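Input: a single structure, listed below in structure tokens.
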Amino acid sequence: MRLTRASASRLLPWLIAGGFGVGLLSGFFGIGGGFLIVPALMLATGMSMPFAIGTSLIAVAAFGVATAASYAFAGLIDWRIAALFIVGGILGGIGGGALGRWLAARKGALAAMLAAVIVAVGLSVVARSMAWLGG
């Protein structure tokens, strides 16, 4: 469902709550909000996954620019490493976009891939935390 004047009274509370929850979890855990924004948008609006991904990328880009500027002004950036990641990110983004479009054409494949990545990241965090607690 698109956000319009007619749908605003129904969608805004969900979108505001979703945005707050994503921000809270991102700030607390130090994780990227994109993984959290996509499911929040889908739950709040019934948006399809490709639209939720595109919408979340715009939001994440805005957060990233603001945060990057703050760190840059503080002198907390290794510009050579950042440049390598930017080039790699651009190339990976082009490939990932093509893969996402291909998976979106196969019913449920994009959602399954996103779920698998989220589970893998979660398991990695748990494993690292367990190692930290034991060591």
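The values are calculated or read from the model by the stated rules, or taken from the named source; none is laboratory data. Bear in mind that the values here come from a model prediction, so they are computed numbers and not experimental data. Neighbour counts run over all protein chains shown; Cβ positions are idealised from the backbone, glycine included.
Data table
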{"quantity": "Residue in segment 1-11 that is in a loop (DSSP other than H, G, I, E, B), touching a Gly at 6+ places or on another chain (Cβ under 7 Å), farther than 26 Å from Val125 by Cα and not assigned by TED's automatic domain parsing to the domain that holds Val126 present", "calculated": "yes"}
{"quantity": "Any pair with Cβ under 6 angstrom, 6 or more apart, that starts in segment 109-135 at a residue that is closer than 30 Å to Pro50 by Cα and ends at one that is surrounded by 10 or more Cβ atoms within 10 Å (Cβ to Cβ) and of a type in the set (A, V, I, L, M, F, W, C)", "calculated": "Ala109/Leu103; Leu110/Met49; Leu110/Leu103; Leu110/Ala104; Ala111/Met49; Met113/Leu103; Ile118/Phe35"}
{"quantity": "Residue within segment 48-70 that is in the same structural domain as Ser9 (by TED's automatic domain parsing) and not in a helix (DSSP H, G or I) present", "calculated": "yes"}
{"quantity": "Scope segment 77-88; condition part of a loop (DSSP other than H, G, I, E, B) and more than 23 Å from the chain's Cα centre (by Cα); matching residues", "calculated": "Asp78"}
{"quantity": "Every pair of residues 6+ apart whose Cβ atoms lie under 9 Å, when the first sits in segment 1-24 and is in contact (Cβ under 8 Å) with a residue 24 or more places away in the chain while the second is exposed (fewer than 13 other Cβ atoms within 10 Å of the Cβ) and not in a helix (DSSP H, G or I)", "calculated": "Met1/Gly46; Leu11/Met1; Leu11/Arg2; Leu11/Thr4"}
